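The values are calculated or read from the model by the stated rules, or taken from the named source; none is laboratory data. Quantities reported herein were computed from a predicted structural model and do not represent experimental measurements. Positions of Cβ are backbone-derived with ideal geometry, glycine not excepted, and every protein chain shown enters the neighbour counts.
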Amino acid sequence: MAYGRVERLDNLLFRPYAYLSMTDRLYYRDSFLYDFDAEVRSVLESPRPALILDRTAFYPTSGGQIHDTGWISPAASNASGAEASEKFRVTEVVDTEDGHIVHYLEAPLKDIKPGSRIRGEIDPARRRDHMQQHSAQHVLSSAFVRLFGMPTVSFHMADDYCSIDLDTPSLTQNQIEAAERLANEIVIENRPVDIRFSTREEAAALGLRKIPSAERDQLRLIDIHDFDLTACGGTHVAHTGQIGSILLRKFEKVRHGYRLEFVAGLRAIATARRDFSTLTDTAALFSANIYDVPQQARKSLDEIKALRKQREQSLEDLAAAQAQTLLAEVPERNGRRLVVRTFTDRDLNFIKLLAQKLTRQATAVALLATESPTPALVFAQTAGQSYDMAALLKQTLAKLGGRGGGTKDLAQGGAPSAEGLAGALAAAAETLAA
Ligand SMILES: [Zn+2]
């Protein structure tokens, strides 16, 4: 999830903050701290304006969780500073490899130097949403381990949904529903979620769900009472009830297991609302109850299939009948009948079908065209005759400015306009009579 981070830091060319001590992460101890004061340690101008502080409550993108946003403003310098100072938007927060947190700002903060005091405010709605999603992930990952022994190998948080990758060769709808149920029971039980710190040795003895591979002496543990204990640096709720609800959605096979999408908290409500609206709109099209939509849709698709088949048969019959009429209208000359006809409203498929009928029902040459919906030509002859339909068509299209091709016995093409079609057909017929 450290998108763009490496590139951005390389762009800095040097690290003016490398000598600074690591940023004190206030969110490590309190996820509900939305306002804080801090001292500026470093001001960066390139590639974007940014600040490094001595301490921060802003969470940087890491561990699958996306960063906080919010505002930074200069702290009031005196007692008369009641007047609200200008706020600057924090658009992105990143973690550097040497333990600093960089706050990217929409615009440079005026008159801010190392040593200046600032006030930071986290966007509370976004933070709450992230706490809900991330805490839901802990509950869900533990539910899959407890019920089916399926470990979570990665977690991804996007703006609209989250996903976990489960290390398992198979995953069924029933298993998903069972895990969803257990996870929501843990939410309803409103279990305390504590933050604890321990050494790696202590953590190993506690039976963690997952021990991070990073070489760190002290681990930050998230303890969902009697349900899940795992090392994590993210922001979490204080009680599972604050997650609200957990809704599992799409799952798909990925290279090393299954990817499962979920939404929690207000995202679950928003998603359910959107699902319901979509389903309601669809049900209205069928004048049906929403729960009858799959049955109605299936029925409609079956009807469409049957009608398509009927239509094909009708066109076959119509073409055969029309071919018979057309053949009766023209005299036989030199052992063959020449049918030349321009239609005003038949599609290419129909005149092709008609040409096939004409040249099968009798020894014939058919020069057919249609003016709309799309101007098109079909030239056909009963096999075994000496003409070349592809060549004749090519000659005719050259005059009309169209394109097409085919074989000696059947060729088709399109013309840019209906103008001159009938004349071109008559000219082509004359070359056959010559
Ligand atoms: Zn976590």
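Can you tell me which condition ILE195 does not meet? The list is (1) part of a helix (DSSP H, G or I); (2) within 12 Å of the ligand (Cβ to nearest atom), and all the others hold.
(1)
Picking from PHE88, PHE58, which residue would you name as being away from the ligand (no atom under 16 Å from the Cβ), at pLDDT 90 or above and farther than 15 Å from ILE112 by Cβ? Spell out the reasoning first.
On the way: PHE88 fails: farther than 15 Å from ILE112 by Cβ.
Answer to the selection: PHE58.
Among the listed residues SER287, SER245, identify the single one that is more than 16 Å from the ligand (Cβ to nearest atom), among the polar types (S, T, N, Q) and under 25 Å from the mean Cα position of the chain (by Cα).
On the way: SER287 fails: under 25 Å from the mean Cα position of the chain (by Cα).
Matching residue, one of SER287, SER245: SER245.
Tally time: how many residues in the range 116-157 are within 16 Å of the ligand (Cβ to nearest atom) and either outside any helix (DSSP H, G or I) or touching a strand residue (DSSP E or B) at 6+ places or on another chain (Cβ under 7 Å) (or both)? Give the derivation first.
Step one: of the range 116-157, the residues within 16 Å of the ligand (Cβ to nearest atom) are 127-145, 151-157.
Still in the running and either outside any helix (DSSP H, G or I) or touching a strand residue (DSSP E or B) at 6+ places or on another chain (Cβ under 7 Å) (or both): 130, 132-142, 144, 151-157.
Summing the residues that are within 16 Å of the ligand (Cβ to nearest atom) and either outside any helix (DSSP H, G or I) or touching a strand residue (DSSP E or B) at 6+ places or on another chain (Cβ under 7 Å) (or both) in the range 116-157 gives 20.
Looking at GLY404, GLY423, which one is in contact with a strand residue (DSSP E or B) (Cβ under 6 Å, 6 or more places away or on another chain) and at pLDDT 90 or above? Spell out the reasoning first.
Numbers: GLY423 fails: in contact with a strand residue (DSSP E or B) (Cβ under 6 Å, 6 or more places away or on another chain).
That would be GLY404, the only listed residue that is in contact with a strand residue (DSSP E or B) (Cβ under 6 Å, 6 or more places away or on another chain) and at pLDDT 90 or above.
Among the residues of the range 250-265, which ones are under 15 Å from PHE144 (Cα atoms), more than 15 Å from the ligand (Cβ to nearest atom) and not acidic (Asp, Glu)? Before you say what the answer is, go through the steps one by one.
Applying the first criterion (under 15 Å from PHE144 (Cα atoms)) to the range 250-265 yields 251, 257-262.
After this cut, where a residue has to be more than 15 Å from the ligand (Cβ to nearest atom) as well, the list is 251, 257-261.
Listed by number, the residues that qualify are PHE251, GLY257, TYR258, ARG259, LEU260.
Restricting the range 223-235 to residues that are under 29 Å from THR172 (Cα atoms) and not acidic (Asp, Glu), which is farthest from the ligand (Cβ to nearest atom)?
First pass over the range 223-235, keeping only residues under 29 Å from THR172 (Cα atoms): 223-232.
From what is left, the residues that are not acidic (Asp, Glu) are 224-225, 227, 229-232.
Details: ILE224: 10, HIS225: 15, PHE227: 14, LEU229: 11, THR230: 7, ALA231: 9, CYS232: 3 Å.
Here the residue is HIS225.
Report the residue count in the range 251-266 for those that are at pLDDT below 95 and either basic (Lys, Arg) or touching a Pro at 6+ places or on another chain (Cβ under 6 Å) (or both).
1
Which residues, counting only those in the range 20-55, are within 16 Å of the ligand (Cβ to nearest atom), touching a strand residue (DSSP E or B) at 6+ places or on another chain (Cβ under 9 Å) and touching a residue at least 60 places away in the same chain (Cβ under 8 Å)?
Restricting attention to the range 20-55, the residues satisfying the condition of being within 16 Å of the ligand (Cβ to nearest atom) are 25, 27-32.
Those still in the list that are touching a strand residue (DSSP E or B) at 6+ places or on another chain (Cβ under 9 Å) too: 25, 27-31.
Listed by number, the residues that qualify are ARG25, TYR27, TYR28, ARG29, SER31.
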